[in-house]
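Comments concern the structure below.
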Amino acid sequence: MCKAAGLESVTVEAGTFNAMRVDCATTMSLSLNMQGVPLDMTLNLNGTNWYAENIGLVKSITSGEGVESVIELLSYSIP
């Protein structure tokens, strides 16, 4: 589930943007079979994404249960 949190300034290597912040909570159910042994698990992740108008995703942070990820826009050009 995601919810728009509003506009805010976010700075990444590509610059500073007035971006829409979107907060997300995700639950993933995984089923694995390892050498005939079934393994079921659930991952709960929280993420925050920033989207700039006419550019798209400029930053994303995801965390939870041993997962830490940061993605940032390095550069862009508008044709």
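The values are calculated or read from the model by the stated rules, or taken from the named source; none is laboratory data. As the structure is a computational prediction, the values presented were derived from the model and not from experiment. Every residue, glycine as well, gets a Cβ built from its backbone with ideal geometry; the counts of neighbours run over all protein chains shown. With ligands, DNA and RNA removed, areas are computed over all heavy atoms of the protein, side chains included. Shrake-Rupley method; radii C 1.70, N 1.55, O 1.52, S 1.80 Å.
One residue stands out among those in region 1-15 that are within 11 Å of Thr48 (Cβ to Cβ) and open to solvent by 80 Å² or more (accessible area, probe 1.4 Å): the one that is farthest from the chain's Cα centre (by Cα), which is Lys3.
If only residues of region 64-79 that are in contact with an Asp or Glu (Cβ under 8 Å, 6 or more places away or on another chain) and part of a loop (DSSP other than H, G, I, E, B) are counted, the one that is least open to solvent (accessible area, probe 1.4 Å) is Leu73. Looking only at region 1-32, residues that are closer than 21 Å to Ser75 by Cβ and either of a type in the set (Asp, Glu) or without any contact (Cβ under 8 Å) to a residue 24 or more places away in the chain (or both) come to 5 in all.
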